[in-house]
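I have placed the structure first, in the form of structure tokens, so that the comments after it can refer back to it.
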Amino acid sequence: MGNQVEKLTHLSYKEVPTADPTGVDRDDGPRIGVSYIFSNDDEDVEPQPLPQVPDGSGLPDGGDGQPLPPPQPYDPRLHEVECSVFYRDECIYQKSFAPGSAALSTYTPENLLNKCKPGDLVEFVSQAQYPHWAVYVGNFQVVHLHRLEVSNSFLTDASHGRRGRVVNELYRYKPLSPSAVVRNALAHVGAKERELSWRNSESFAAWCRYGKREFKIGGELRIGKQPYRLQIQLSAQRSHTLEFQSLEDLIMEKRRNDQIGRAAVLQELATHLHPAEPDEGDSDAARTTLPPTRPPAPASEAEDRGSGREVVAH
């Protein structure tokens, strides 16, 4: 392979091979694992300009010359995926939309400043965009990985107008002291491109707060059985579980799900995975059964599709 890297698009769930040709892991139920090799998720895509109406006012056009209605307020329950992450049997991350959950509350950047303390993790969210994470370091400023560079910015500038929230409670690792978190973040300001050890803003910010090598590129060996599980909540009684060999791969998939949105994730699973009805009296969340798989598309085909994301399937 040498220096040549084959670029493959993200595979849809029906294209991801599993250990068993029928799509069922006979030992532990159905599982899918995806590794993102030499790949960063592109949360830095330039925002698309609003379409112009004939009079040049810049208002969105519904196609008949009438402006589209104003966008609805951002609702995490509509756009985000409720999920949990496990390392073997230990829950290390949980996003729950239960009443009172912090994941439901988002604020304008100006109001968010009133809730931040040095060392806090901040997440900016918006429909159809990758969530953007940052470390609040005080004095209205955050440190964040943006456009392949660790930057020190004002929180209001880093938000790019998106709503945000403090997300210290999503990961369940023991945090470092606030001063250590701030020190970790500030020590890497100016690092860029080949100097970076993280694939995305979430991995960088989480590493600053928890100091765990698992958030870094290549922080774990991808050998043996996948120890990480991403449990996607389909409904109150039903979930689907994916397995990964490293936390960084799982984070990439979790972020992809948030970027494409809850409806698209549920549609993918509904289309390509046939739910198996739980046995009567079974209180566990139902698992899903995969249809027979097909091999991933050749690299040339994948490049024609234009994604550029590099993926290998397990």
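The values are calculated or read from the model by the stated rules, or taken from the named source; none is laboratory data. Being a predicted model, the structure only gives us computed values, none of them experimental. All Cβ positions, glycine included, derive from the backbone under ideal geometry; neighbour counts span all protein chains shown. Please note that ligands, DNA and RNA were not included when accessible areas were found on the heavy atoms of the full protein model with its side chains. Shrake-Rupley method; radii C 1.70, N 1.55, O 1.52, S 1.80 Å.
Computed values, structure above
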| quantity | calculated |
| --- | --- |
| In sequence order, calculated HN-Hα J values of the stretch 130-147 (Karplus, 6.51, -1.76, 1.60; Hz; x Gly/Pro) | 5, x, 10, 9, 8, 10, 7, 10, x, 6, 6, 10, 10, 10, 8, 8, 9, 6 |
| Proximal charge balance of Ser126 [Cβ under 9 Å; K/R count +1, D/E count -1] | +2 |
| Cross-link pairs beyond the 25 Å C-alpha cut-off, checked among Lys95/Lys115; Lys95/Lys192; Lys216/Lys254 | Lys95/Lys192 |
| Exposure of Thr271 as accessible area (Å², to 10), given a probe of 1.4 Å and all protein chains | 70 Å² |
| Gain upon complete extension [Asn139, Arg213; 0.36 nm per residue less C-alpha separation] | 23.8 nm |
| Stretch gain in nm, segment Ala263-Ala236, where the contour uses 0.36 nm per residue and the Cα spacing is subtracted | 8.2 nm |
| FRET efficiency for Lys117 and Leu221, using Cβ-Cβ distance with R0 set to 25 Å, rounded to 0.05 | 0.10 |
| Potential lengthening between Ser153 and Ser197 on full extension [0.36 nm per residue; Cα-Cα distance subtracted] | 13.8 nm |
| Cα-based shape type of the stretch 76-273, given that a ≥ b ≥ c are square roots of the gyration tensor eigenvalues and the cut on a/c is 1.5 | oblate |
| Förster radius 41 Å - calculated FRET efficiency between Tyr74 and Ala180, Cβ distance, rounded to 0.05 | 0.80 |
| Whole-number percent relative contact order across the stretch 76-273, with pairs defined as alpha carbons under 8 Å at least 6 apart | 25 percent |
| By accessible area with a 1.4 Å probe, ligands and nucleic acids excluded, highest first: order of Arg213, Arg229 | Arg213, Arg229 |
| Efficiency of FRET from Cβ geometry, Thr271 and Phe97, R₀ 25 Å, rounded to 0.05 | 0.60 |
| Glu243, Glu169, Glu193, Glu82, reordered so the largest accessible area comes first (probe 1.4 Å) | Glu169, Glu193, Glu82, Glu243 |
